[in-house]
Amino acid sequence: MDAITQPPALDSRFVTVEGVKLHYQELGSGAPLICIHGAGPGASAESNFKLNVGPLSRKFRVLLYDMPQFGKSDKVAIKEGRLTYNARVLNGFMGAIGLKRASIIGNSMGGQAALKLGLDFPERLEKVAIIGSTPMPPIFSPFPVEGIKMIANYYKGAGPSREKLRELLKTIVFDSSFLTEETFEERYRASTEPEVVELWSKRQPEHIRENLAPELHKLKAKLLIVWGMDDRFGALDVGLQMMRLVNGARMHIFSKCGHWAQVEHADAFNRLMLDFFGND
């Protein structure tokens, strides 16, 4: 188990893009590095990257970005392709804070949004590291995979509960010792805020799936694919497919690791990111 360091306290900042209030936090100086969370219940950039922001901020200007619908950003219903929408809003966010170009670490859905940014707005993306991101269907696994079904069912039926969330979070990681009560309660509180429950149970229609496979050969940004060997939210063969589709892509697979490589192998993950983003 990697050593765990106490995450720094970060101030909240907000900008508005397309009428949507977007929340972000930042630490450090240097080349900009945006961290984007996944789409699980209660997710936020600070929650996903609390073990990484400190070490990464020693060399980069790290920006923790909450996508619309998550964290402290506005809870808007998305009625177009989710990746297209998030890439466009992310492009607007970068413009609003004066970033011409940046690198991105994206966990799961955050990585998919980052890839779409690189395809739709190639001038914005320098390098991108994705963690268990699935911008296309798997070949050898059922789709949607086990974990994605659990996310879809979280707000259905009787609605969110501690039991549902605990089972979901245990599925995210290989080693459940990483699921502290503090992490669990933080995610549960965020997932059960009234406007969040109202969004996912009433206002948000079923997401329009977008398959990026036909476009990925056009990606110009340098790509690092990170996967956990025991990921139950993202099928490993998707990462292998991307290796063939994206010129010059690299892949790092962590053993004894689920969907949160940045948490379960924080120290090794941080070293990997510092090397990838810090070298040409």
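Answer yes or no as to whether Leu115 is part of a helix (DSSP H, G or I) and surrounded by fewer than 24 Cβ atoms within 10 Å (Cβ to Cβ).
Here the answer is no, as Leu115 does not meet what is asked.
When segment 1-28 is examined, which residues are found to be of a type outside the set (Lys, Arg), at pLDDT 95 or above and open to solvent by 60 Å² or more (accessible area, probe 1.4 Å)?
Of everything in segment 1-28, those that are of a type outside the set (Lys, Arg), at pLDDT 95 or above and open to solvent by 60 Å² or more (accessible area, probe 1.4 Å) turn out to be Phe14, Thr16, Glu18, Gly19.
Need a quick list: helices (runs of 4 or more DSSP H) entirely within segment 11-103 having at least 1 residues that are among the aliphatic types (A, V, I, L, M) and more than 25 Å from Glu123 (Cβ to Cβ).
53-57
The rows are residues; the columns are (1) modelled with pLDDT under 95; (2) among the aliphatic types (A, V, I, L, M).
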| position | (1), (2) |
| --- | --- |
| Ile105 | no, yes |
| Val128 | no, yes |
| Ser133 | no, no |
| Glu182 | yes, no |
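Which residues, counting only those in segment 135-152, are touching a residue at least 24 places away in the same chain (Cβ under 8 Å), open to solvent by 30 Å² or more (accessible area, probe 1.4 Å) and either β-branched (Val, Ile, Thr) or part of a helix (DSSP H, G or I) (or both)?
Ile139, Glu146, Ile148, Ile151
I need a count of the residues in segment 73-93 that are among the charged types (D, E, K, R) and under 12 Å from His207 (Cα atoms).
Of the residues in that region, 3 qualify.
Which of the residues that make up segment 197-224 are open to solvent by less than 50 Å² (accessible area, probe 1.4 Å) and in a helix (DSSP H, G or I)?
Scanning segment 197-224 gives Val197, Leu199, Leu216.
Without any contact (Cβ under 8 Å) to a residue 60 or more places away in the chain, touching a Phe, Trp or Tyr at 6+ places or on another chain (Cβ under 9 Å) and open to solvent by 30 Å² or more (accessible area, probe 1.4 Å), is that true of Met243? Steps first, please.
Values: without any contact (Cβ under 8 Å) to a residue 60 or more places away in the chain: yes; touching a Phe, Trp or Tyr at 6+ places or on another chain (Cβ under 9 Å): no; open to solvent by 30 Å² or more (accessible area, probe 1.4 Å): yes.
The answer is no for Met243.
Would you be able to tell me the number of residues in segment 33-50 that are in contact with a strand residue (DSSP E or B) (Cβ under 8 Å, 6 or more places away or on another chain) and either open to solvent by 30 Å² or more (accessible area, probe 1.4 Å) or of a type in the set (A, V, I, L, M, F, W, C) (or both)?
Matching residues across segment 33-50 total 7.
Of these, Gly42, Gly38, Gly71, which one is touching a Lys or Arg at 6+ places or on another chain (Cβ under 6 Å) and closer than 18 Å to Ile151 by Cβ?
Gly42
Suppose the filter is over 24 Å from Glu198 (Cα atoms), of a type outside the set (Asp, Glu) and buried (at least 21 other Cβ atoms within 10 Å of the Cβ); does Ile130 pass it?
So Ile130 fits the description; yes.
Go through (1) surrounded by 15 or more Cβ atoms within 10 Å (Cβ to Cβ); (2) within 29 Å of Asp74 (Cα to Cα) for His265 and report which single condition fails.
Failed condition: (2).
Would you be able to tell me the number of residues in segment 72-85 that are buried (at least 24 other Cβ atoms within 10 Å of the Cβ) and within 29 Å of Asp267 (Cα to Cα)?
Result for segment 72-85: 0.
Checking the condition surrounded by 14 or more Cβ atoms within 10 Å (Cβ to Cβ) and part of a loop (DSSP other than H, G, I, E, B), which residue from His259, His252 passes?
Step by step, each of His259, His252 is checked, and only His259 is surrounded by 14 or more Cβ atoms within 10 Å (Cβ to Cβ) and part of a loop (DSSP other than H, G, I, E, B).
Let me spell it out: the conditions are (1) under 22 Å from Cys35 (Cα atoms); (2) open to solvent by less than 10 Å² (accessible area, probe 1.4 Å), and Arg271 meets all of them except one. Which number is the exception?
(2)
The values are calculated or read from the model by the stated rules, or taken from the named source; none is laboratory data. Since this is a predicted model, take the numbers as computed values, not measurements. Note: ideal-geometry Cβ built from the backbone for every residue, glycine included; neighbour counts use all protein chains shown. Protein only, heavy atoms only, side chains kept; ligands, DNA and RNA dropped before computing areas. Shrake-Rupley method; radii C 1.70, N 1.55, O 1.52, S 1.80 Å.
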